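What follows is a single structure, written as structure tokens, with notes after it.
Each reported figure results from applying straightforward, stated rules to the coordinates on display, with no laboratory input. Quick caveat: nothing in here was measured; it's all calculated off a predicted structure. In this analysis, Cβ positions are derived from the backbone assuming ideal geometry, glycine residues included, and neighbour counts consider all displayed protein chains.
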Amino acid sequence: MSEWYDSQKKPNSNFQKFLQERLEKTNPRRTLTAEEERRLSKLEAIVSKLRRGENVQNRQLKTWLSSDEYAQIEAEWQEQIELREELKDKPRDLKRYEKKLREATFNYNRAEGYSRKGKDTTAKKFYNKSESLCEDALEILQEILHYDSSLRVWFDRDISFEVGGDLSADIVSLPRLVTSRSNEKLSDDSRLTSKQSVKLAVVERAMHNIGRDAAPASKDDVSKLNKFLNTDD
């Protein structure tokens, strides 16, 4: 798993570097004033602390961010709060899929328990039941995504029903919801981020905008990479 994750990170990093270089070319930084140099230095120090996971006091952020930039932290964190509330209210069809997968997992775990005790006949009974429930879950998954492909954002992995793909009717390969606590879940919701990360993103944008005469980099500009990588074809 870690090797797969690392292999995915490399192209992401290259694309991010390309995006940054493009932003630099279209909106180059002019020669900074002494005050701008000082502010840039302070923001760089704040970024270093945030990346190390250290706390940065609001007073310090208010000092070196503009009022609009500082307000952006609360605005973006409010978006995160609203998203977390949204995730608590799953669409009904997702609950139907989740219930069927939970039943399949329950029967699989029972089968594993009987198998460890040497009760192979009983174990096979529960393995077969789990497999049947996985098939039901897969049918539900195909159905709900056929009628509403936007629901893909709720799942922890890309989903393809093509022959030869990774998806099959078994406990491991069936997708989990991003809200699941299952050990089989591959990733969390890519839209979710911590308040520390929100602060970091705002401060990095502020650093980028210092000394640039054209329109400042917006939240959308600097987040194009994440949106691009997390959008289904």
Give the residues of the range 74-121 that are over 24 Å from Arg181 (Cβ atoms) and in contact with a Ser or Thr (Cβ under 8 Å, 6 or more places away or on another chain), sorted by residue number.
Tyr114
Considering only the range 99-134, state which residues are aliphatic (A, V, I, L, M), within 24 Å of Lys185 (Cα to Cα) and without any contact (Cβ under 8 Å) to a residue 40 or more places away in the chain.
Ala111, Leu133
Taking the range 90-103 as the search range and keeping residues that are part of a helix (DSSP H, G or I) and in contact with an Asp or Glu (Cβ under 8 Å, 6 or more places away or on another chain), which one is nearest to Val153 (Cα to Cα)?
Asp93
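State all residues of the range 148-166 that are touching a residue at least 12 places away in the same chain (Cβ under 8 Å) and not small (Gly, Ala, Ser); if no residue qualifies, say none. Quick ask: steps written out before the conclusion?
From the range 148-166, those touching a residue at least 12 places away in the same chain (Cβ under 8 Å) are 148-149, 151-159, 161; that's our starting set.
Hits for the range 148-166 are Asp148, Leu151, Arg152, Val153, Trp154, Phe155, Asp156, Arg157, Asp158, Ile159, Phe161.
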